[in-house]
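The values are calculated or read from the model by the stated rules, or taken from the named source; none is laboratory data. Nothing here was measured: the structure is a model prediction, and the numbers come from that model. A quick note on method: Cβ atoms are made from the backbone with ideal geometry, for glycine too, and the neighbour counts reach across all protein chains shown.
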C-alpha cells in the first residue's frame, strides 16, 4: 500500500475512483527508476532534491511521490562514516564541557580534542556527528524488482489497496470463489455469501464468468472500531481477488465521514506483478484445527473435507466448516455405472461462542437449509442445542473441544443406514464373470461397501474368507496343493490364481501350517 496522503482518487458524482497510471506514464516511471539508480553513492538529501525537481516537472506530484515511495522500499541507505555517530557525539560533548565552548575557535578546539581521543581526524569526526540523520544517509544500492511497466502495475495495485483502507464493507464476485473464501478465512475477516440473480456460465468471450454469488466482507466500523489492522487485511484480500480471471468488487468507503462507493473489476489495470496470492486456508479456530487433527487419526470410511461447496440458505448461502464424505470403496463411481454412496455428504458446522448476532445468523441459515444432512457441534455455553435440533439437524454439545467419539457415533449411524440402502439395491443374486475376485473388488464394481454384500447370494462362486472362488478353481487348487508342501510354494500357486487370502483358502482345502521357527512353514492336514 501507499501512505494515505499519496492517495489519488476522483470523487466525481459521489464516487470514489482511483486515478490509475497507464502507458502514457511509462516514461515518468522510467525517470523515477533512473533517478534512484543515478544517485547511488549520494545522500538521501541529494536524491530527494532530484525527486522534488521531477515532481515540479510532472503534471501530478503525488504520482511521482507514489512511484518513488515504492522504489524507496527497494533501496538500501546506510550511515557511511568511519566512526559511529553516537560515539562521535558523546566524545564531542565531553570535550566541549571541558573546553567550555562559546566561540567558533573553542568549538574547533573541542573537536580536535575529541578526534584525538578517538584516533580520527577532526574533519572525519565532524562528518560523523550527524551522519545517521535520515537526510545524510547514503544510498548504497537500489535493486528494483520492476521495469517501468512493472512499476506502474505495482503502483496501480498499491493505489487500489490504499483506496480500500477505509472500507467499511467489501462486496466481491469472482470466477474463483473458493480461493476468495479461503483467503477471507485465512485473514479472519467476517463475511457472508449472498445469492444473486444471474448466470455463472462461461462468458461470451470464452472466459470464466463471474459467480452469481456475492461475498460480503464486513469492515471493522460495523463491528467494533476502525483499526489499521483491518485496512491492511482488505488490502491483502485484493491481491487474491485480482488473481482471478474475472472479478468485480464494490466497497463502501468512509471518506472522512462521507459514505462513497468504490467499484473495481478485472477491467481495471490492477495486476499482481511480483507476488503470489494468500496461501491455502487454515482453520478459523483452535477448536476446528484440534478436531481435524484428531479425526485424521481414526480409521473410518469417511473423509473429512475442509470448506466444502456453498449451500443455499434462502437468498443467501453458507459454507459449512467441514463435510464428511462416505466412500468405502475409494471410487467416485462404480465400474458398472451405478452410483454408490461416494457422493453422500454429511455437513458439519462447529458453533463456538461468539456474539448474539452471530448465533442468530447461524440459526437462521440452518433453518433455511433444505435437503441437507447437517451435524452441528454446539458450544454448551450458547444454550441453543434444542433450537438446532428443532431445525431438523443433528446437534451434539461440546465444551472446550469437540469429542471425536460423539461425531464417530453419528457417522456410524449414517453408515449403517447407507449400508442397508446399498444392500437393498443389489439384485438377489450376484454372478460376476471372474473365476476369482475379492469382496473388495466386487464391492467397488457395485459402488457399495463390503458390508452390503454380507447377505448377497453368489450361486456360481463359493465365498472363502473375503474371496469369491468358482468351484472348478477350488478343485484345481486341491489337485495342485498337497500336504507336506512348503508354504511359500503353496502361496505361489495361489498367486497364479490371483488369490491373496491364503490362510482362508488353505483352511478351506483342509490344511494348516506347521511352523519351523524362522525357517518357514509346511502344510499339514487339519485334524
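Within the stretch 78-90, is there a residue that is in contact (Cβ under 8 Å) with a residue 60 or more places away in the chain and closer than 30 Å to residue 7 by Cα? The answer is yes, given that some residue of the stretch 78-90 is in contact (Cβ under 8 Å) with a residue 60 or more places away in the chain and closer than 30 Å to residue 7 by Cα. Scanning the stretch 433-467 for residues that are assigned to a loop (DSSP other than H, G, I, E, B) and farther than 19 Å from residue 414 by Cβ yields 433, 434, 435, 455, 456, 458, 459, 460, 461, 465, 466. The sole residue among 154, 161 that is over 30 Å from residue 257 (Cβ atoms), part of a helix (DSSP H, G or I) and either assigned by TED's automatic domain parsing to the domain that holds residue 67 or modelled with pLDDT of 85 or more (or both) is 154. All of 50, 12, 29 fail the test of being assigned by TED's automatic domain parsing to the domain that holds residue 165 and within 18 Å of residue 135 (Cβ to Cβ), apart from 50.
Of 60, 105, all but one fail to be touching a residue at least 24 places away in the same chain (Cβ under 8 Å) and exposed (fewer than 15 other Cβ atoms within 10 Å of the Cβ); the exception is 60. Selection of the stretch 502-512 for residues being over 13 Å from residue 474 (Cα atoms) and surrounded by 17 or more Cβ atoms within 10 Å (Cβ to Cβ) yields only 511. Evaluated against (1) at pLDDT below 85; (2) out of contact with any strand residue (DSSP E or B) (no Cβ under 9 Å at 6 or more places or on another chain), residue 147 falls short on exactly one condition, (1). Look through the stretch 394-424, keep the residues that are more than 21 Å from residue 295 (Cα to Cα) and without any contact (Cβ under 8 Å) to a residue 40 or more places away in the chain, and return whichever of them is surrounded by the most Cβ atoms within 10 Å (Cβ to Cβ). Ranking the qualifying residues of the stretch 394-424, first place goes to 419. Inside the stretch 357-386, residues that are in a loop (DSSP other than H, G, I, E, B), at pLDDT below 75 and touching a helix residue (DSSP H, G or I) at 6+ places or on another chain (Cβ under 8 Å) make up a count of 1.
Look at the stretch 117-139: where a residue is outside the structural domain of residue 45 (by TED's automatic domain parsing) and part of a strand (DSSP E or B) and a partner is at pLDDT below 75 and surrounded by 14 or more Cβ atoms within 10 Å (Cβ to Cβ), sitting 6+ places away or on another chain with Cβ atoms under 6 Å, you get 138/80. The single residue among 87, 107, 113 that is assigned to a helix (DSSP H, G or I), under 50 Å from the mean Cα position of the chain (by Cα) and not assigned by TED's automatic domain parsing to the domain that holds residue 8 turns out to be 87. Residues in the stretch 290-329 that are touching a helix residue (DSSP H, G or I) at 6+ places or on another chain (Cβ under 7 Å) and modelled with pLDDT under 70 were compared, and the one that is surrounded by the fewest Cβ atoms within 10 Å (Cβ to Cβ) is 314.
Take the residues of the stretch 1-32 that are under 37 Å from the mean Cα position of the chain (by Cα), assigned to a helix (DSSP H, G or I) and farther than 20 Å from residue 271 by Cα: which is modelled with the lowest pLDDT? Checking each candidate, the answer is 14. Counting the residues of the stretch 252-287 that are touching a strand residue (DSSP E or B) at 6+ places or on another chain (Cβ under 7 Å) and modelled with pLDDT of 85 or more gives 12. Only residues that are in a helix (DSSP H, G or I) and in contact with a strand residue (DSSP E or B) (Cβ under 8 Å, 6 or more places away or on another chain) were counted across the stretch 65-80, and they come to 1. Yes or no: residue 429 without any contact (Cβ under 8 Å) to a residue 40 or more places away in the chain and closer than 30 Å to residue 477 by Cβ? Yes; evaluated as a whole, the condition is true for this residue. Taken together, the criteria exclude residue 460 from residues that are surrounded by 11 or more Cβ atoms within 10 Å (Cβ to Cβ), free of Cβ contacts under 8 Å to residues at least 12 places away in the same chain and either under 24 Å from residue 430 (Cα atoms) or in contact with a strand residue (DSSP E or B) (Cβ under 7 Å, 6 or more places away or on another chain) (or both).
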